[in-house]
Amino acid sequence: MIIYPIIENIFFVLFAVLCNVLAQISLKKASQVISLDFFNYLTFNALLTNSFVWLGVFLYGISFILTIKIYARFSLSIISPIMMGLIFIAILISSYFVFGEILTFRKFIGISIITLGMYIISK
């Protein structure tokens, strides 16, 4: 059947994007509770024991493995900009809901341009 591989590929792309976005959110959360003085032993210890850091690393790992699988199935010049565009859009939206970041008119214009670019590249 031809439909199954298409659905599987879409699932891999969306899941890789989701893992990447959740990893970034997790690391942002970690940065809110950890001082970033890397020369301080207590800060380094806090970094290694923070569950948000480990969740972010784990999710980046999953995203990395899935991205390799996706790159094997698609043309790099098409799939990479599409995945990056989806990540930008998802980060913008999720940062609004998770961190209360402001959605400005410029950001909406940016999303529109990214979406148009993904459409043009995919055709």
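Worth pointing out:
- Charge tally for residue 15 (other residues, Cβ to Cβ under 14 Å; Lys, Arg +1; Asp, Glu -1): +1.
- Cα-projected label distance for residue 57 with residue 93, points at 7 Å along beta-carbon direction, nm: 3.1
- The peptide list 48-54, 18-24, put in order of mean Cβ contacts within 10 Å with the highest first, becomes 18-24, 48-54.
- Here the label points at residue 101 and residue 7, each 7 Å from Cα along the C-beta direction, are separated by 3.4 nm in the simple model.
- Ranked by how many other Cβ atoms sit within 10 Å of their own Cβ, fewest first, the residues 6, 114, 78 fall in the order 6, 78, 114.
- Other-chain or far-sequence residues with amide H under 5 Å of residue 101's (modelled H): 96
- Placing unit charges on the Cβ atoms of the charged side chains and taking the dipole of the chain about its Cα centre, the candidate lying farthest along the positive direction among 75, 88, 18 is 75.
- Residue by residue, the range 108-123 carries 3J(HN,Hα) couplings of 5, 5, x, 4, 4, 5, 4, 4, 4, x, 5, 5, 5, 5, 6, 8 Hz when phi is fed to the Karplus relation 6.51 cos²θ - 1.76 cosθ + 1.60 (θ = phi - 60°); x denotes Gly or Pro.
- Packing-based exposure ordering (other Cβ within 10 Å, fewest first) of 123, 69, 107: 123, 69, 107
- Principal-axis tilt of helix 76-99 within the chain, Cα atoms, nearest 10 degrees: 50
- Sequence-separation-based contact order of the chain, relative, with Cα cut under 8 Å and 6+ spacing, percent: 29
- Kirkwood Rh and Cα Rg combined as Rg/Rh, the chain: 1.06
Any read-out appearing in this document is the output of simple, stated calculations on the displayed coordinates, not a laboratory observation. Source: prediction; values computed, not measured. Positions of Cβ are generated from backbone atoms using ideal geometry, with glycine treated the same way; all protein chains shown enter the neighbour counts.
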